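What follows is one structure encoded as structure tokens, with my remarks underneath.
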Amino acid sequence: MSAPPSDASDLALGSFTPDGPWVLDLGALSWTRGIGVLRAATRRQVPELTKPRRFPPPGRLAVVVFHLGRAILGWAATDRRRGGSRSRAGLSRRIRQAAEALGPTYIKLCQIISSGEGIFPSELVDEMKKCRDKVPPVPSRAVRTLVEEELRRPIAEVFASFDDTPIAAASIAQVHGATLLDGTPVVVKVQRPGIRRVVHRDLEVMATIAPLLVGRIPIAALANPPALVELFAETICEELDFRLEAENMIDLASVFAQLDQRGYVIPRPHPDLVTRRMMVMERFDGFGFDDVDGMKAAGIDTHEIIRVGMRGFTEGCMVHGLFHGDLHAGNLMVLRDGTIGLLDHGITARMTQLQRNAFLRLMLTGASGDMRGQVAAFRDLGALPPDTDIDQVVRDLGLDEAPVDPTTMSQDQLVGEIQRATKALLGYGARLPKILMLYVKNLVFLDGAIARLAPDLDLLSEFAELSMHMAANYGHLISAEIGVDPQAFTTDREAIKASFGIVDADVNTVTYAELQQRRELIRQRLSHNRRRSPSAAPASKTTAKPDNTASSTATPPKPTPS
């Protein structure tokens with residue numbers, strides 16, 4: 001999965017397809033002028049948009065209060081008395097229905113929550129997944145009008161053909177197939193007319209309502225509405241300008257090229273046809289990420305797809321502090337040559353130096369079993385206040401104790417060390433920074449991708465090899481930035497096993513299929529415990545708060561089984 005750069009192409013600039021429809025020259029891209037100022041101005045909007053207002057837009061506020069109020073009152077009158085998972089499922093269903101009635105902004109928020117397994121309650125995540133295909137497309141006449149406004153000329157002067165039926169329709173934009181006058185097939189991403197005004201108005205209303213929900217309904221306490229609105233605003237505001245997305249595409253392609261990660265390819269944005277509300281880009285042809293049978297029939301090694309995916313994601317984070325922030329099957333495809341096409345770069349995570357340093361420490365301390373180091377790394381990522389007593393957190397969460405097999409306890413699934421620690425820290429009222437949320441979301445997606453593409457992959461060996469690869473190839477970086485001698489670094493397989501909740505010394509391999517069996521057993525025990533009365537549950541110290549029942553409003557008691 002490697003394509004050597006050609007002197008006559010832009011492959012030295014970024015990880016693109018070998019034979020692209022055009023060649024990118026950074027100095028000739030007119031839409032990049034002033035883009036740094038534009039990105040900074042967009043970020044400065046967030047505090048103002050998420051500041052609770054005494055007088056938010058009254059008409060929209062009334063509509064939102066009506067739909068959300070009806071959902072909460074309906075839950076309080078019926079589902080709430082059922083308790084436990086059935087109560088959360090009922091509330092989640094009603095919130096999803098309200099979001100669908102409220103339109104694209106609220107549906108977009110639900111879609112972000114839908115990929116937050118391990119962060120939000122499972123009942124909420126499962127219900128929000130139903131929002132993924134709930135956005136009706138914009139009528140073709142409105143799309144053509146917007147495109148011509150952005151082009152400042154008739155469509156026929158740029159495109160030989162333009163498909164009125166969208167390839168995909170989402171909350172912020174939709175994608176159409178088209179052909180340039182020279183016969184080049186392209187994809188045209190078009191923003192929904194008026195969506196910027198709608199999003200800004202809805203954010204003002206959300207910011208006003210969110211503090212009122214804290215502690216009043218179970219899911220709000222878990223999701224921390226004000227923090228969730230802030231995270232949502234940070235992600236969606238940059239999506240409202242396609243010039244920023246086009247820059248994300250080039251920057252991420254450049255990162256993969258510098259890492260020699262040619263297993264990922266990024267579509268080229270058009271050198272001239274990029275505006276705030278419209279973007280023309282290279283069109284890929286290949287297999288959907290869920291089309292495992294099609295890939296295997298074409299002779300593509302799906303195990304290698306997973307390895308490329310994990311390594312590219314990890315190296316981008318740790319070495320350059322840049323990664324795609326919204327991995328899901330709709331944003332990935334596998335090209336005919338087996339490379340991974342990475343699509344839709346509206347949400348791209350850009351780390352500060354401190355954050356990247358913390359992620360580097362997070363990986364190394366996770367591989368070596370240093371729990372104190374992991375908590376310190378989470379603090380430096382902004383998940384805990386800067387003056388947090390790390391030793392106290394370690395003691396309170398029981399992280400200094402011997403690991404316990406979760407199949408013997410009433411715990412939710414433990415996908416990995418980072419997810420387990422994240423959920424436990426959130427239980428202490430820790431703030432969930434945008435970078436950390438996007439990182440964990442991507443880990444959850446990769447977890448599911450392994451289930452589909454390589455369920456028999458030995459996870460212990462793969463994670464150990466990935467850690468050693470990082471130490472071997474970036475030892476100078478590790479030494480310079482975090483003071484760890486790469487020659488002295490060793491991967492602790494027992495620590496990696498413990499991150500999966502496995503403490504049996506005789507276990508030497510763990511496939512995803514075996515991990516799923518363990519998770520199913522845990523789910524069954526959780527289901528059993530939910531039917532028991534609280535007084536019947538024995539108290540026991542654990543390392544993670546089970547059943548996603550951590551409160552985000554006050555300092556909670558030590559985690560105990562549900």
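The values are calculated or read from the model by the stated rules, or taken from the named source; none is laboratory data. Just so it is clear, the model here is predicted, and its values are computed rather than measured. Please note: Cβ atoms are built from the backbone with ideal geometry, for glycine as well, and neighbour counts cover all protein chains shown.
A single entry from Ser499, Ser461 fulfils the requirement of being of a type in the set (Ser, Thr, Tyr) and modelled with pLDDT of 75 or more: Ser461.
Please work out if Arg196 is surrounded by fewer than 20 Cβ atoms within 10 Å (Cβ to Cβ), at pLDDT below 85 and farther than 15 Å from Ile347 by Cα. Break it down stepwise before answering.
Numbers: surrounded by fewer than 20 Cβ atoms within 10 Å (Cβ to Cβ): yes; at pLDDT below 85: no; farther than 15 Å from Ile347 by Cα: yes.
No.
Would you say Ala28 is in contact (Cβ under 8 Å) with a residue 24 or more places away in the chain and either over 30 Å from Leu181 (Cα atoms) or among the aliphatic types (A, V, I, L, M) (or both)? Before the answer, list the steps.
Working: in contact (Cβ under 8 Å) with a residue 24 or more places away in the chain: yes; either over 30 Å from Leu181 (Cα atoms) or among the aliphatic types (A, V, I, L, M) (or both): yes.
When the stated conditions are applied, Ala28 passes them.
The single condition among (1) modelled with pLDDT under 95; (2) in a helix (DSSP H, G or I); (3) not hydrophobic (A, V, I, L, M, F, W, C) that Asn248 does not satisfy is (1). The set of residues in the stretch 73-106 that are at pLDDT 85 or above, touching a Lys or Arg at 6+ places or on another chain (Cβ under 6 Å) and not charged (D, E, K, R) comprises Gly74, Trp75, Ser87.
Within the stretch 4-38, restricting attention to residues that are part of a helix (DSSP H, G or I) and in contact with a helix residue (DSSP H, G or I) (Cβ under 6 Å, 6 or more places away or on another chain), which residue is surrounded by the fewest Cβ atoms within 10 Å (Cβ to Cβ)? So the residue we want is Ile35.
When you go through Leu109, Leu102 one by one, which is the residue that is in the same structural domain as Ala227 (by TED's automatic domain parsing), surrounded by 23 or more Cβ atoms within 10 Å (Cβ to Cβ) and not basic (Lys, Arg)? Quick ask: steps written out before the conclusion?
Values: Leu102 fails: surrounded by 23 or more Cβ atoms within 10 Å (Cβ to Cβ).
Result of the check over Leu109, Leu102: Leu109.
Consider the stretch 158-183 and keep the residues that are surrounded by fewer than 19 Cβ atoms within 10 Å (Cβ to Cβ) and among the polar types (S, T, N, Q). The one that is farthest from Asp241 (Cα to Cα) is Ser161.
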